[in-house]
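Note sheet for the following structure.
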Amino acid sequence: METVKCLIAGSGPAGYTAAIYASRANLKPVLFEGLLPGGQLTTTTEVDNFPGYPAGVSGQQLMDDLRSQALRFGADIRSGDIAEVDFSERPFRLKTDAGAEIAAEAVIIATGATAKYLGLESEQRYKGQGVSACATCDGFFYRGKDVAVVGGGDTACEEAVYLAGLCRKVYLIVRRNVLRASAAMQHKVVNTKNIEILWEHQTKEILGDGEGVTGARLVANNGNEKIIAVHGFFLAIGHHPNTELFKKYIETDAAGYIITHGKTTRTNVDGVFAAGDVQDSRYRQGITAAASGCMAAKDVETFLD
């Protein structure tokens, strides 16, 4: 069985940044990239809000740059996923999806979270070409245009208000006749003039011209259909943290996000740390994920010392 000091499960900004810092600390990290090397950012087109890229950068290029930087410092980056874990004692035992067994003195979980989608074929067709699950990431590209947001909770309302400051008009598509958001967020939405709430509507199809989104076909609860013309279509119906593999040992909140202690990345198991969207249900930004990856590597260094 192979033994390593630090194993990182997952890539993306958190995993790659953890690998950079762990490598520079001579922890000789081994990183398994998971099913989506580079994480969620690889599914976006342009990233304009990551520091150090004044002209913007594609999500794929940004992740390639972080990966290359980790490799430069000696990180051992491997394809594949972690399929089994045993955190009952140290060294921790893990098994990859290829059947390889590894013992690790410390583990950083950076498996991220997956945005929830509606499950439409047209949604997948225009993903990254007008369909997005992050208004903060992609709203800038729709300045002065009409967009739609799906959802009725706090996240949907927050994103609608944010987009209203950039776009000409925002449709908020709500499948019920009430919002689930807090009273304060509901007040903001109702009092933002360029937000139109489409109550009791669901999305039947996202329309496009082959190059980008041009509209959406909606169906009301009474069966009536309507088409709205929009250039951006934003999903705000939640995220699902990729934590199922670890729940036997690692404490999570009601939504499944890993609970970290204080201003650290420590979990309830000594020697296991969590970074990025797998433990961040609030910010979910590339830069905050990268920052927590740095924190996790520093926490591992301190732990192993």
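Tabulated data
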{"read-out": "Segment Arg282-Arg217, extension gain: residue separation times 0.36 nm, minus the distance between their alpha carbons", "value": "20.4 nm"}
{"read-out": "Cα-centred dipole magnitude for the chain, charges only on beta-carbon of K, R (+1) and D, E (-1), debye, nearest 20", "value": "740"}
{"read-out": "Ascending count of other beta-carbon atoms within 10 Å, so fewest first, for Glu46, Glu244", "value": "Glu244, Glu46"}
{"read-out": "Highest to lowest packing among 58-68, 223-233, scored as the average C-beta count within 10 Å", "value": "58-68, 223-233"}
{"read-out": "Dmax and Rg, reported as Rg then Dmax, of region 117-235 (C-alpha, Å)", "value": "13.0, 40"}
{"read-out": "Nearest-ten-degree value, helix 154-164 long axis tilted from longest Cα axis of the chain", "value": "60"}
{"read-out": "Cysteines, the chain, no other Cys beta-carbon under 4.7 Å", "value": "Cys6, Cys157, Cys167, Cys294"}
{"read-out": "Ellipticity estimate at 222 nm from DSSP helix runs (n ≥ 4, -39,500 (n - 2.57)) divided over the chain, nearest 500", "value": "-7500 deg cm²/dmol"}
{"read-out": "DSSP-defined antiparallel bridges as percent of all bridges, the chain, nearest 5", "value": "45"}
{"read-out": "Which of Phe87, Phe73 has the fewest Cβ neighbours within 10 Å, and the rest in rising order", "value": "Phe73, Phe87"}
{"read-out": "Sequence-distant residues sharing a close amide H with Leu172 (under 5 Å, placed H)", "value": "Val149, Glu196, Ile197, Leu198"}
{"read-out": "Cross-link pairs beyond the 27 Å C-alpha cut-off, checked among Lys5/Lys263; Lys188/Lys263; Lys95/Lys248; Lys5/Lys127; Lys116/Lys145; Lys116/Lys298", "value": "Lys188/Lys263; Lys5/Lys127; Lys116/Lys298"}
{"read-out": "Backbone HN-Hα couplings from phi across region 69-75 [Karplus 6.51/-1.76/1.60, Hz, Gly and Pro as x]", "value": "5, 5, 5, 4, 8, x, 5"}
{"read-out": "Restricting region 117-164 to chymotrypsin sites (Phe, Trp or Tyr not before Pro) in coil, as DSSP defines it, with at most 16 other Cβ within 10 Å", "value": "Tyr117"}
{"read-out": "Counted charge near Lys169, where neighbours are those whose Cβ lies closer than 14 Å (Asp, Glu -1; Lys, Arg +1)", "value": "+2"}
{"read-out": "Calculated SAXS-style log₁₀ I(q)/I(0) at q = 0.12, 0.14, 0.16, 0.20 Å⁻¹ - region 152-305, Debye, Cα scatterers", "value": "-0.69, -0.83, -0.95, -1.16"}
{"read-out": "Thr252 long-range amide H proximity, modeled H, under 5 Å", "value": "Ile259"}
{"read-out": "Karplus 3J(HN,Hα) series, Hz, for region 58-63 with 6.51 cos²θ - 1.76 cosθ + 1.60 (x for Gly, Pro)", "value": "6, x, 5, 5, 4, 5"}
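Each reported figure results from applying straightforward, stated rules to the coordinates on display, with no laboratory input. Quick caveat: nothing in here was measured; it's all calculated off a predicted structure. Counting neighbours? That spans all protein chains shown, and the Cβs are built from the backbone with ideal geometry, glycine included.
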